[in-house]
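Read the structure below first, then the notes.
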Amino acid sequence: MDAEFLVHAASYTLTAALSTTTSQEAALAAAVYRTSLHRHRNTHPGSRRFLLALNAARYGAVHLLEQLTHSLHTDAWRPRWATGGALSAALHNGFIGSAGAVRAVACTVLDGRPVAITGSEDGEVRVWDLASGEPHGQPLTGHFGTVYAVACTVLNGRPVAVTSSEDGEVRVWDLASGEPHGQPLTGHAGPVTSLACTFLIGRPVAVTSSAFNGEVRVWDLTSGTPVGQPLTSHAGTVTTVACTVLNGRPVAVTSSADGEARVWDLASGEPHGQPLTGHAGTVTTVTCTVLNGRDIAVTGSGDGTVRVWDLAWGACTVLDVGLGVSAVAVAPDGALVLGCGVDVVVVEQGGERSG
């Protein structure tokens with residue numbers, strides 16, 4: 001089945017043709033199309049191409065994925081690979097990434113290889129080799145309850161992951177050894193649902209938030225003590241926190257159930273600029289990076305979209321992924337790693353597709 005036919009054909013015409021497929025390749029293409037059938041009927045070809053490519057990656061349909069993405073502009077975002085744990089068995093067999101829904105993702109480099117660290121509802125923290133898509137080592141265990149957030153930093157010269165959980169604790173893990181580093185950080189009155197790491201006055205810090213009261217707190221990771229007063233301003237629960245440097249100053253970006261994301265100057269503890277708005281509902285996740293020399297925040301929502309924000313100019317690019325987005329991170333090569341239920345999806349911008 002021709003990939004361009006899937007992109008441009010009228011949905012009502014193509015739906016009827018799908019039931020007549022006979023070859024294995026055509027049946028696979030049909031399954032890819034049916035997965036987001038409800039969105040194909042009301043979207044333009046550009047968004048439909050992205051959804052089809054994403055579902056082709058979830059099914060492992062490498063040839064179809066290549067056909068759908070080879071003509072994209074070099075600046076366009078495209079899927080690289082994805083798991084298919086949320087796919088219906090009635091459509092095709094899938095691949096399951098985790099025993100529980102993935103709730104958090106972060107990326108770093110370990111032993112010279114890019115890795116993603118995921119936290120899930122089964123209480124486990126897992127390390128994934130992004131080049132191969134395979135697990136790296138054994139799961140990191142110790143939390144009791146859902147792992148809501150993961151962030152990576154360097155502590156005493158060693159790569160570490162910082163995780164927070166339903167159990168109200170923040171834990172630091174030595175990624176080289178797979179062992180906990182020090183004692184858990186405690187103090188929040190309830191589940192710690194979001195965190196991020198940065199450096200403040202030369203010291204590694206974690207910025208955390210609890211869904212219990214919506215407070216955002218800053219922790220000195222070396223001493224394990226709070227820094228300054230809580231950051232408060234959102235009208236709803238703070239869902240996630242990310243950190244970056246904007247105009248030479250360390251900032252935190254928070255997302256909330258009020259549908260907004262906010263930027264905070266960590267040195268002063270005050271809001272920076274106006275809220276970032278546009279999602280249709282709770283902003284479930286946010287991460288920060290630098291793309292093409294610009295300071296960027298990436299937000300995701302249950303509305304099925306990812307938004308890429310230029311923090312200096314406020315410009316926004318919208319990616320319709322067709323799946324509720326519960327977690328997002330940026331790989332060292334600039335690809336977006338998305339947690340969508342039990343699936344992991346990787347989207348890249350321009351360049352050669354790998355994996």
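The values are calculated or read from the model by the stated rules, or taken from the named source; none is laboratory data. Treat the numbers as computed from the prediction; the structure is a model and nothing was measured. Don't worry about glycine lacking a Cβ; one is built from the backbone with ideal geometry, like all the others, and counts go over all protein chains shown.
For every residue, the table says whether it meets (1) within 24 Å of Pro45 (Cα to Cα); (2) under 17 Å from the mean Cα position of the chain (by Cα); (3) in a loop (DSSP other than H, G, I, E, B); (4) among the small types (Gly, Ala, Ser).
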residue	(1), (2), (3), (4)
Val286	no, yes, no, no
Val306	yes, yes, no, no
Trp313	no, no, yes, no
Val337	yes, yes, no, no
Val345	yes, yes, no, no
Glu348	yes, yes, no, no
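What strands (runs of 3 or more DSSP E) completely inside the stretch 191-264 contain at least 1 residues that are in the same structural domain as Glu121 (by TED's automatic domain parsing), out of contact with any helix residue (DSSP H, G or I) (no Cβ under 9 Å at 6 or more places or on another chain) and within 19 Å of Gly302 (Cβ to Cβ)? Result: 192-200, 203-210, 238-246, 249-256.
Residues of the stretch 320-330 include at least one that is without any contact (Cβ under 8 Å) to a residue 60 or more places away in the chain, in contact with a strand residue (DSSP E or B) (Cβ under 8 Å, 6 or more places away or on another chain) and not assigned by TED's automatic domain parsing to the domain that holds Arg48. Within the stretch 223-268, count every residue that is surrounded by fewer than 16 Cβ atoms within 10 Å (Cβ to Cβ) and within 22 Å of Phe212 (Cβ to Cβ). Counting residues in the stretch 223-268 that are surrounded by fewer than 16 Cβ atoms within 10 Å (Cβ to Cβ) and within 22 Å of Phe212 (Cβ to Cβ) gives 8.
Scanning the stretch 31-57 for residues that are modelled with pLDDT of 85 or more and closer than 23 Å to Gly133 by Cα turns up Phe50, Leu51, Leu52, Ala53, Leu54, Asn55, Ala56, Ala57.
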